Amino acid sequence: MANSSRNNAFVEFERVQKSYDGENLVVKDLNLTLPRGEFLTMLGPSGSGKTTCLMMLAGFETATHGDIRLDGVSINHIPPHKRGIGMVFQNYALFPHMTIAENLSFPLEVRGMGKSEREQKVKRALDMVEMGAFGGRRPSQLSGGQQQRIALARALVFEPELVLMDEPLGALDKQLREKMQFEITRLAHNLGITTVYVTHDQTEALTMSDRVAVFNDGRIQQLAPPNELYEAPVNSFVAQFIGENNTMEGTIKEITGNQALVQLDDGEVIRCKPVNVYKPGERARVSIRPERVEYNKDRMQEGAHTIKAEVLEFIYMGDIFRTRLKVAGNEEFIIKTRNAPDQVRLQAGQQIEIGWMPEDCHALDA
Amino acid sequence: MSDATLSPAAMADTMPEQLTTADGKPLKQALIRAQSHARRRAFLLVAPLLAFILLTFVMPIGQMLHRSVHNEGFTWHEDVASGERTRIMANLSQWFDQNELGTEPGEAAFAALAADLVVLREVKAAGQAGTRINYERSGSRSMFTKAARRAQRLEAPFKEAIVDLDEDWLDPDLWRVMRDASSSYTANFYLAALDRTKDADGNVTPVNENRQVYVKLFQRTLFLSIVITFMTFILAYPIAHLLATLPLAKSNLLMILVLLPFWTSLLVRTTSWMVLLQSQGVVNDALVSTGILADDNRLEMMYNQAGTLIAMTHILLPFMVLPLYSVMRPINPSYVRAARSLGATSWTAFRRVYFPQTVPGIGAGALLVFILAVGYYITPALVGGADGQLISNLIAFHMQNSLNWSLAAALAALLLGGILLLYWLYDRLVGIDNLKLG
């Protein structure tokens with residue numbers, strides 16, 4: 001039993017702390033286990049400690065306290081070149097004085113691999129990222145997206161079991177980024193490698209990962225699969241950071257089981273699902289996703305909680321309509337509706353009634 | 001793709017005639033006219049610099065190169081007061097033209113010489129002509145002054161009369177030198193600069209072994225410059241790396257220390273090395289007082305090659321640090337990290353990834369230091385002693401003391417040629433576009 005759990009945990013952070021100046025902790029008590037083959041994303045605002053975690057795993061920073069284990073072996077004192085971890089850097093870090101083929105051949109060369117075997121592997125890696133014809137070029141002759149593919153191929157060419165990526169798509173334009181997101185996840189799953197991916201882009205995190213670790217203030221706020229992260233955030237930071245949210249502040253009036261009554265600051269009482277609020281009298285932040293709010297009476301589900309609203313602005317965005325409302329004193333209340341043929345287009349000034357299911361409305365810490 | 005390959009051909013088919021502007025003028029002419037104003041302005045902006053370079057750089061160097069093959073000491077005399085130019089040694093020159101090299105100088109030759117000596121005496125040019133011959137055959141000047149003094153009293157047969165004055169007038173080498181000097185243009189100064197001379201038959205031969213100095217000095221200059229370049233590289237590389245990796249605030253402070261020598265006078269720096277390194281100097285005193293050296297065994301670090309080496313390495317160090325720093329600063333630390341993560345030890349990462357990226361800086365620094373070292377003058381003159389002198393010290397000697405400017409010019413031209421050759425070699429091996437000075 002102990003053996004199988006050891007096998008499950010391919011990468012382990014145990015009580016890891018990191019401080020650069022001896023006064024502030026950049027990473028505070030990090031515990032994280034990662035099974036073999038998982039695609040984990042570390043997501044968080046800049047300065048939240050996610051990159052530091054990655055650098056500790058890669059071996060470029062040492063943990064001030066705690067243990068990092070790779071396949072059950074503590075790697076705290078193993079230098080980076082002996083860890084066998086592939087890494088993709090934010091600026092790609094392709095060696096400018098070497099050709100693409102030489103770049104890819106480098107990790108094989110330093111491992112003392114024979115020439116013919118090297119050439120074969122380089123060719124296979126180039127084909128894998130569909131860059132077979134570019135072996136003789138220099139990195140500066142490639143576009144950003146091509147450099148990105150080469151950086152990926154170089155990190156994979158020596159067949160590491162673990163690959164780290166530090167905001168690898170940050171410098172690409174939107175379309176290319178979406179294409180590469182797909183390609184990276186496809187490669188990672190096909191090759192069965194374990195991936196730790198760092199980004200501050202939540203869309204990237206949601207679309208690519210098996211699990212996402214949301215970092216803030218040196219701690220993991222929530223570690224969950226994307227859908228859970230989006231639909232059931234455990235605190236108001238995660239709710240705010242992932243996707244768009246309408247929030248209203250109030251005080252808990254009553255809590256019974258999985259239902260809470262929250263009195264908003266303007267007097268309105270609404271039913272919510274309590275998440276990390278526990279007793280009456282506590283301040284709470286009520287949070288609801290814009291796409292879970294309905295204003296079309298015909299579509300409103302049984303048991304929906306309804307509330308009056310005034311339309312302030314209607315924004316046509318093509319695939320969706322985005323409507324800004326005034327709800328319970330909050331003038332930044334957004335609802336999103338699909339651009340369907342039978343959809344009603346609201347107009348500014350209209351008085352309407354909106355509704356949502358109480359389980360979609362979360363009462364979180366204020 | 002197929003569109004792109006087709007279109008040039010399609011364009012050639014549809015538009016064979018000349019392109020014109022909207023009002024029918026040829027497009028090319030219109031373009032030239034539109035750009036001529038900007039071009040004229042650009043030229044006017046660089047014109048002062050161009051004039052300055054011509055005046056202070058191209059002309060002096062051209063004059064120097066000319067002087068190295070041109071000397072009028074035995075052909076023309078210019079009167080200092082009136083500026084009047086007189087042809088001297090005309091008769092002898094004519095005899096040289098009529099008789100081949102190796103002809104025994106007979107009565108006719110000596111008659112011509114006697115006539116020329118009269119002219120020399122008239123215009124007081126005997127010293128000048130003698131000096132010119134003396135450059136290539138020592139002891140000749142006094143023969144000319146002496147003979148010129150008695151020129152009026154010489155009577156036929158002139159050969160006997162002149163040989164009577166000095167037996168050396170029969171020396172075939174003297175006649176060879178006079179023949180060469182009777183034309184203003186000569187390559188003999190280059191021969192002298194390479195420790196070569198001509199024998200009486202005009203064949204190039206090495207000069208007497210105890211008079212061979214220049215080739216040895218060129219070799220020493222080359223050798224010391226290479227050693228100095230190498231030493232500055234060894235010292236500067238870690239400094240530049242430190243400067244490039246430190247946070248900007250700290251590296252700026254250290255940069256001031258690197259640049260500090262630039263702000264002190266060269267003489268002050270050199271003399272302070274003298275204070276430190278001489279046998280009764282600070283370093284020796286410290287070594288003796290700590291018992292590392294015996295008092296009668298003090299190190300000789302000054303007035304020899306060691307002194308030149310130490311002082312010049314120090315003085316030229318910033319020229320190596322700065323280009324190195326400028327290439328190291330923008331090297332992203334993630335390159336080395338990437339190499340490490342790909343499995344390279346820190347040494348391999350340095351050797352294969354970091355070092356190759358600094359090569360343009362090394363090239364620039366080495367070229368800069370080497371060229372400066374090859375032509376360095378003050379420091380070796382002050383601290384070099386006898387065996388720490390470089391070729392530039394000898395050039396200065398010929399400019400200021402022996403006044404053999406043609407030889408000085410020939411030496412300088414050889415130095416210039418050597419440097420250009422090395423520069424060309426560098427361009428072939430490394431590529432000049434691979435050079436980064438800052």
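Can you find a residue that is over 27 Å from A:GLU12 (Cα atoms), among the small types (Gly, Ala, Ser), in contact with a Gly (Cβ under 8 Å, 6 or more places away or on another chain) and buried (at least 19 other Cβ atoms within 10 Å of the Cβ) anywhere in the range A:99-113?
Scanning the range A:99-113 turns up at least one residue that is over 27 Å from A:GLU12 (Cα atoms), among the small types (Gly, Ala, Ser), in contact with a Gly (Cβ under 8 Å, 6 or more places away or on another chain) and buried (at least 19 other Cβ atoms within 10 Å of the Cβ).
Among the residues that make up the range A:75-89, is at least one of them away from chain B (no Cβ under 14 Å) and not basic (Lys, Arg)?
Yes, because at least one residue in the range A:75-89 is away from chain B (no Cβ under 14 Å) and not basic (Lys, Arg).
Each row is one residue, and each column tells you yes or no for (1) farther than 20 Å from B:ALA344 by Cβ; (2) without any contact (Cβ under 8 Å) to a residue 40 or more places away in the chain.
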{"position": "A:LEU25", "(1), (2)": "yes, no"}
{"position": "A:SER48", "(1), (2)": "yes, no"}
{"position": "A:HIS65", "(1), (2)": "yes, no"}
{"position": "A:VAL73", "(1), (2)": "yes, yes"}
{"position": "A:ARG111", "(1), (2)": "no, no"}
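Let me confirm something: among B:LEU390, B:LEU322, which residue is buried (at least 20 other Cβ atoms within 10 Å of the Cβ) and within 18 Å of B:THR232 (Cα to Cα)?
Answer to the selection: B:LEU322.
Taking the range A:97-129, which residues are assigned to a loop (DSSP other than H, G, I, E, B), more than 7 Å from every other protein chain (Cβ to nearest Cβ) and β-branched (Val, Ile, Thr)? Working first, answer last.
At the first step, the residues of the range A:97-129 found to be assigned to a loop (DSSP other than H, G, I, E, B) are A:97-99, A:110-114, A:129.
The next check asks that each one be more than 7 Å from every other protein chain (Cβ to nearest Cβ); those that pass are A:98-99, A:112-114, A:129.
Those that are assigned to a loop (DSSP other than H, G, I, E, B), more than 7 Å from every other protein chain (Cβ to nearest Cβ) and β-branched (Val, Ile, Thr): A:THR99, A:VAL129.
Condition check ((1) among the charged types (D, E, K, R); (2) outside the structural domain of B:HIS241 (by TED's automatic domain parsing); (3) in a helix (DSSP H, G or I)) across all residues:
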{"position": "B:TYR354", "(1), (2), (3)": "no, no, yes"}
{"position": "B:GLY361", "(1), (2), (3)": "no, no, yes"}
{"position": "B:LEU368", "(1), (2), (3)": "no, no, yes"}
{"position": "B:LEU382", "(1), (2), (3)": "no, no, yes"}
{"position": "B:GLY388", "(1), (2), (3)": "no, no, no"}
{"position": "B:ALA396", "(1), (2), (3)": "no, no, yes"}
{"position": "B:ALA408", "(1), (2), (3)": "no, no, yes"}
{"position": "B:ILE419", "(1), (2), (3)": "no, no, yes"}
{"position": "B:ASP427", "(1), (2), (3)": "yes, no, yes"}
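Name the residue, out of A:ALA171, A:ALA205, A:ALA153, that is of a type in the set (Gly, Ala, Ser), within 14 Å of chain B (Cβ to nearest Cβ) and part of a helix (DSSP H, G or I).
A:ALA153
Can you report the number of residues in the range B:277-301 which are over 24 Å from B:ASP387 (Cβ atoms) and in contact with a helix residue (DSSP H, G or I) (Cβ under 9 Å, 6 or more places away or on another chain)?
So the answer is 4.
Answer with yes or no whether B:ILE331 is at pLDDT 90 or above, assigned by TED's automatic domain parsing to the domain that holds B:HIS241 and not in a helix (DSSP H, G or I).
Yes.
What's the number of the only condition in (1) basic (Lys, Arg); (2) within 12 Å of another protein chain (Cβ to nearest Cβ); (3) in contact (Cβ under 8 Å) with a residue 24 or more places away in the chain that B:ARG352 fails to meet?
Going through the list (1) basic (Lys, Arg); (2) within 12 Å of another protein chain (Cβ to nearest Cβ); (3) in contact (Cβ under 8 Å) with a residue 24 or more places away in the chain, B:ARG352 breaks only (3).
Return the residues of the range A:128-180 that are out of contact with any strand residue (DSSP E or B) (no Cβ under 8 Å at 6 or more places or on another chain) and more than 25 Å from A:GLU204 (Cα to Cα); say none if nothing qualifies.
Scanning the range A:128-180 gives A:GLY132, A:ALA133, A:PHE134, A:GLY135, A:GLY136, A:ARG137, A:ARG138, A:PRO139, A:SER140, A:GLN141.
For the range B:133-158, which positions are over 14 Å from B:ASN404 (Cβ atoms) and either touching a residue at least 24 places away in the same chain (Cβ under 8 Å) or crowded, with 21+ Cβ neighbours inside 10 Å (or both)? Quick ask: steps written out before the conclusion?
We begin by selecting, within the range B:133-158, every residue over 14 Å from B:ASN404 (Cβ atoms); these are B:139, B:142-158.
Listed by number, the residues that qualify are B:GLY139, B:MET143, B:PHE144, B:ALA147, B:ALA148, B:ARG149, B:ALA151, B:GLN152, B:LEU154, B:ALA156, B:PRO157, B:PHE158.
In the list B:GLY291, B:GLY281, which residue meets the criterion of being more than 23 Å from the chain's Cα centre (by Cα) and on the phi > 0 side of the Ramachandran plot? Before the answer, list the steps.
On the way: B:GLY281 fails: on the phi > 0 side of the Ramachandran plot.
Within the list B:GLY291, B:GLY281, the selection yields B:GLY291.
For (1) closer than 30 Å to B:ARG211 by Cβ; (2) surrounded by 14 or more Cβ atoms within 10 Å (Cβ to Cβ); (3) polar (S, T, N, Q), each residue gets a yes or a no:
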position	(1), (2), (3)
B:GLY62	no, no, no
B:ARG67	yes, yes, no
B:GLY73	yes, yes, no
B:ALA81	no, no, no
B:ALA115	no, yes, no
B:ARG121	no, yes, no
B:THR131	yes, yes, yes
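If I filter the range A:233-249 for residues that are assigned to a helix (DSSP H, G or I) and under 23 Å from A:GLU178 (Cβ atoms), do I get at least one hit? Spell out the reasoning first.
Initially, the range A:233-249 is screened for residues assigned to a helix (DSSP H, G or I), giving A:236-241.
Retained after the next criterion (residues that are under 23 Å from A:GLU178 (Cβ atoms)): A:241.
Yes, there is a match, as at least one residue in the range A:233-249 is assigned to a helix (DSSP H, G or I) and under 23 Å from A:GLU178 (Cβ atoms).
Tell me which residues, restricted to the range B:371-380, are in a helix (DSSP H, G or I) and surrounded by fewer than 23 Cβ atoms within 10 Å (Cβ to Cβ).
Result: B:ILE371, B:LEU372, B:ILE378.
Tell me, which residue of the range A:27-65 that is within 17 Å of the chain's Cα centre (by Cα), in a loop (DSSP other than H, G, I, E, B) and not small (Gly, Ala, Ser) is surrounded by the fewest Cβ atoms within 10 Å (Cβ to Cβ)?
The residue in question is A:PRO45.
For the range B:198-214, what are the residues that are among the β-branched types (Val, Ile, Thr) and loosely packed, with under 13 Cβ neighbours inside 10 Å?
Residues satisfying the conditions are B:VAL204, B:THR205.
Just to check your reading of the model, which residue among A:LEU94, A:LEU70 is within 11 Å of chain B (Cβ to nearest Cβ) and either more than 12 Å from B:SER334 (Cβ to Cβ) or in contact with a helix residue (DSSP H, G or I) (Cβ under 9 Å, 6 or more places away or on another chain) (or both)? Break it down stepwise before answering.
Values: A:LEU70 fails: within 11 Å of chain B (Cβ to nearest Cβ).
None of the other options fit; the residue is A:LEU94.
From A:GLU291, A:GLU310, A:GLU353, grab the single residue that is of a type in the set (Asp, Glu) and under 28 Å from A:VAL234 (Cβ atoms). Outline the logic, then answer.
Numbers: A:GLU310 fails: under 28 Å from A:VAL234 (Cβ atoms); A:GLU353 fails: under 28 Å from A:VAL234 (Cβ atoms).
Of the residues listed, the single one that is of a type in the set (Asp, Glu) and under 28 Å from A:VAL234 (Cβ atoms) is A:GLU291.
Suppose we filter the range B:305-335 for residues that are in contact with a Pro (Cβ under 7 Å, 6 or more places away or on another chain), farther than 20 Å from B:ASN252 by Cβ and within 14 Å of another protein chain (Cβ to nearest Cβ); how many remain?
Result for the range B:305-335: 0.
How many residues are in a helix (DSSP H, G or I) and either surrounded by 20 or more Cβ atoms within 10 Å (Cβ to Cβ) or under 36 Å from the mean Cα position of the chain (by Cα) (or both) if we restrict to the range B:159-197?
Residues that pass the stated criteria total 17.
In the range B:341-369, which residue that is more than 20 Å from B:PRO238 (Cβ to Cβ) and not polar (S, T, N, Q) is surrounded by the fewest Cβ atoms within 10 Å (Cβ to Cβ)?
B:LEU367
Are any residues in the range A:51-67 acidic (Asp, Glu) and facing chain B (nearest Cβ under 8 Å), and if so, which ones? Quick ask: steps written out before the conclusion?
To start, the set of residues in the range A:51-67 that are acidic (Asp, Glu) comprises A:61, A:67.
Once the filter is applied, which keeps residues that are acidic (Asp, Glu) and facing chain B (nearest Cβ under 8 Å), the range A:51-67 yields nothing.
So B:ALA344 passes all but one of these: (1) in contact with a Phe, Trp or Tyr (Cβ under 8 Å, 6 or more places away or on another chain); (2) in a helix (DSSP H, G or I). Which condition number does it fail?
So the condition that B:ALA344 fails would be (2).
Just checking, does the range A:262-276 include any residue being among the polar types (S, T, N, Q), in the same structural domain as A:SER48 (by TED's automatic domain parsing) and in contact (Cβ under 8 Å) with a residue 40 or more places away in the chain?
no
Could we say that B:ALA240 is crowded, with 18+ Cβ neighbours inside 10 Å and touching a Gly at 6+ places or on another chain (Cβ under 7 Å) here?
no
The values are calculated or read from the model by the stated rules, or taken from the named source; none is laboratory data. Fair warning: this is a prediction, and the values are worked out from it, not measured in the lab. Note that each Cβ is placed from the backbone with ideal geometry, even for glycine, and that neighbours are counted across all protein chains shown.
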